1. How much mean residue ellipticity at 222 nm does chain A get from its helices, if each DSSP H run of length 4 or more adds -39500 (n - 2.57) and you divide by all residues, to the nearest 500 deg cm²/dmol?
2. Is there a simple number for the mean count of other chain Cβ atoms within 10 Å of the Cβ of residues in A:207-219, and what is it?
3. Convex hull over the alpha-carbon atoms of region A:572-653: what's its volume per residue in Å³?
4. What's the extension gain from A:VAL137 to A:GLU556 if we count 0.36 nm per residue and subtract their Cα-Cα distance?
5. Using only the Cα atoms of region A:411-467, each taken as one equal point scatterer with no solvent, compute I(q) by the Debye sum, divide by I(0), and report log10 of the ratio at q = 0.14 Å⁻¹.
6. Tell me, how many Å apart are the Cα centres for region A:380-432 and for region B:92-106?
7. Could you tell me the calculated FRET efficiency between B:THR48 and B:LEU11, based on Cβ-Cβ distance and R0 = 41 angstrom, to the nearest 0.05?
8. Trypsin sites (Lys or Arg not before Pro), restricted to region A:581-662: which are DSSP loop and have at most 16 other Cβ atoms within 10 Å?
Amino acid sequence: MILLGELALWIALPVGIWGAVAGFVGGRKERGDLVLSAEYSVYAVFLLLILTSVGIITAFVTDSFEYWYVANYSNRELPTFYKVSGLWAGQRGSLVFWALLLSFFSSAAVFTNRAKNREFMPYVAGILLTISSFFLVVLLFADVNPFERLPFAPADGRGLNPQLQNYWMTIHPPTLYLGFTAFTIPFAFAMSALLSGKLDTRWIVITRRWTLLSWFFLANGIIFGMRWAYEELGWGGFWFWDPVENASVLPWLTATAFLHSIQIQENRGMLKVWNMGLVTLTFLLTIFATFLTRSGLIESVHTFAENTTIAFIFLAFMGLMAGVSILLIAWRYPHLKSENQIQSFLSRESAFLFNNLILLGAAFTIMWGTLFPLITEGLTGTAIAVGPPFFNRVNLPIGLALLALMGIGPVIAWRRASRRNLVKNFRMPVLVGVMVIGALFLRGVHHGMALLTFGLSAFVMTIIIVEFVKGTKARARIEGEGYFPAFYHLVSRNRRRWGGYIVHVGVVMIFTAFAGVAFNREVLQTIDPGETITIESPFGHEYVLTYQGLSSPRGENMVRQAVALMTVARNGRPVESLRAEKVLYVKWESSPITNVGVNSYILEDLYLILENVNDLNGAFENDAGAQRATFKVQVNVLVGWIWYGGFVITLGGIIAMWPSRGSTTPAPRSKTKTEGERPALAARS
Amino acid sequence: MKDNGKFFVGLGGVALVVTYLIWTGVSQTMIYYLTPVELIARVEQDPTFHHVGVKVSGRVERGSWNRAEDELLHHFTVTDLIDESVRFPVEYRDILPDTFNDTENVDVVVEGRFREDGVFEATIVLAKCGSRYEATAEELLG
């Protein structure tokens with residue numbers, strides 16, 4: 001099975017290259033047989049990569065330590081679940097995994113579009129296989145072959161980094177990779193629209209769905225990563241502004257921009273070049289993200305070992321892709337002229353455009369901050385870095401502006417908003433926002449930026465709720481339905497719009513959670529069993545934690561662990577106890593891993609870290625005298641809202657993506673739309 | 001057309017605001033990112049460097065970590081990655097990352113201030129156990 005996997009990897013490359021050539025040539029010369037061959041190549045590469053992946057997983061599960069990759073990322077006692085995750089635990093496997101997901105999405109795209117969007121197919125297959133072949137070349141020739149054998153078979157492997165032995169860590173990278181690879185499809189369709197000259201709205205419709213899918217996975221992948229950092233890294237935060245984290249946010253930001261700006265193209269026939277540019281940029285950023293992780297060019301907790309061969313190949317590939325895309329856009333420029341012009345500052349087009357600019361601005365600042373040490377070192381010889389203070393400072397105003405636009409965009413009229421439109425739609429939400437700020441201020445919240453965030457969040461939420469209520473009421477009246485069926489039909493008739501609003505609700509919740517960080521409290525204390533730590537929540541109540549002592553139970557794949565138990569009382573009433581641990585994993589005896597204990601409530605988390613055990617070895621031996629320990633206790637305000645918000649985004653995303661019955665063609669752009677008309681009618685899909 | 005002109009003013013405005021944010025953000029939060037050798041050389045050249053925030057990447061000297069009982073203050077020594085004779089003591093008062101230890105070759109990035117008394121007062125410590133990520137064939141055999 002392993003050998004078969006290795007063989008499949010070698011066969012996949014020529015098949016991929018053949019298919020790419022067949023696609024391009026078949027498209028130019030209109031040779032149906034070649035195009036068909038290219039399509040079959042897409043499927044074949046997918047099947048071959050399945051074999052390769054199964055081969056790698058088999059090597060892990062059967063403890064085949066003669067393979068360098070397995071020896072480095074597994075050990076005999078590792079639970080099978082984590083052995084399977086070895087496929088994406090390290091550089092080599094994750095490249096295979098990347099190629100596998102890419103070929104899966106490629107096959108899905110070819111399968112679902114080959115009948116109805118025939119004329120795109122040759123180039124789509126060609127482009128997708130070119131990109132797949134690139135990854136296969138890297139795998140086979142850049143010194144990262146996952147099937148590389150050692151000259152001997154070690155008795156046991158070196159084990160999986162214990163920080164990766166966490167549920168969220170097993171799903172965070174795959175979800176992110178799904179997002180990254182799925183974006184290759186929009187890119188392929190955009191490029192193939194340019195190549196074939198079929199630049200009507202069709203490529204936009206196909207691209208929109210795939211972008212949404214990619215966006216959805218990226219959002220979830222980023223949130224899972226935050227969850228992992230929060231639970232596993234044990235420092236009480238969820239975001240580092242680490243270069244690799246930043247790199248994963250960049251394509252998400254530009255994809256978000258694209259999802260909004262295509263609505264302008266669909267409704268008003270504008271921004272065609274801009275949209276092409278955004279697709280290309282987002283795709284390049286997905287490649288950039290994997291490049292940054294793999295090259296080791298920038299210091300990060302995520303990076304794999306430094307590999308200059310890979311850095312060079314990736315840079316060359318990104319340069320090539322960027323060059324070709326720019327040339328293609330320039331070539332078709334005459335066909336990408338705007339059909340309309342922006343008529344007013346106060347219009348939905350304008351709000352969306354500002355949203356785009358601000359999202360790109362955010363992406364630019366994050367990229368700049370991430371690459372700053374490289375830039376300064378290149379220019380002056382001394383590296384100068386910027387850290388979290390820079391990112392927080394710069395992105396706070398940007399985030400607030402986005403939040404405001406999230407409220408304004410959905411209800412402001414297309415073309416030119418009248419005074420009536422503005423007053424009617426914004427009077428109440430502004431009032432609610434101001435009232436929320438006032439009420440919070442009176443309750444003792446005096447943090448300016450947090451107040452502004454809460455106020456704007458209330459403003460956006462009011463707008464969204466009013467939209468839902470108005471829509472439901474109108475439908476109930478016109479169709480004579482009850483409110484529940486009216487609500488259901490309202491959403492299901494225009495999933496994209498209402499699903500989008502639900503996504504906005506999730507994003508607002510996450511913004512609110514970010515503002516909550518301003519109110520976090522923490523206490524660091526060294527105590528003996530029987531002693532207590534007291535911490536006051538910003539909401540006024542008080543937690544008293546009583547240290548019950550350490551125990552040392554056995555656990556799977558662990559050498560030892562020390563578990564501290566704390567009973568907790570909230571305002572004198574006992575609540576759930578907390579466990580905080582130091583664990584020594586098999587093969588990782590020199591670094592104890594910290595596992596935090598968390599009690600989650602709706603508005604806050606009580607978070608316990610076992611910072612240090614004075615005599616850890618004694619504790620492992622269950623020595624009664626070795627119990628004195630240092631704890632950090634935190635009250636993390638609103639942090640749970642990130643996860644709730646993520647859930648809401650997932651819900652909204654699924655509603656928006658759910659395939660609608662019947663057509664996938666866009667409604668024809670209405671030429672007769674008048675000022676102030678509800679725009680929803682045109683955005684139906 | 002007239003309105004489009006107005007619009008470009010808006011675009012320019014956004015670009016200007018973003019540039020301004022980056023500019024002030026960088027100038028007020030930037031820190032030098034140095035190796036221990038560079039840090040020592042800088043400080044000898046210009047003593048005001050003791051008051052500037054810096055970020056230094058080096059390696060934790062084996063066996064150098066200690067922490068007085070009940071004191072929440074960690075002490076360890078950082079050496080240069082290339083010239084191991086260049087070293088300085090570090091003080092740090094918070095939770096060390098799990099990847100930090102002084103029994104293997106652990107690479108660290110410490111951020112803080114290099115005091116006049118020659119002690120580095122760190123506010124952030126990031127650790128990466130480089131050798132732990134991937135091993136060569138010889139290491140596996142050993």
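The values are calculated or read from the model by the stated rules, or taken from the named source; none is laboratory data. Since we're looking at a predicted model, the values are computed, not measured. Every residue, glycine as well, gets a Cβ built from its backbone with ideal geometry; the counts of neighbours run over all protein chains shown. Ligands, DNA and RNA are excluded from the accessible area calculation, which covers all protein heavy atoms including side chains. Shrake-Rupley method; radii C 1.70, N 1.55, O 1.52, S 1.80 Å.
1. Values: 20 runs with 416 residues, N = 685.
Helix contribution divided over all residues of chain A: -21000 deg cm²/dmol.
2. 0
3. On the way: hull volume 12.0 nm³, N = 82.
Normalising the Cα hull of region A:572-653 by residue number yields 147 Å³.
4. 147.0 nm
5. The computed values of log10 I(q)/I(0) come out as -0.43.
6. The distance from the Cα centre of region A:380-432 to that of region B:92-106 comes to 41 Å.
7. 0.45
8. A:ARG661
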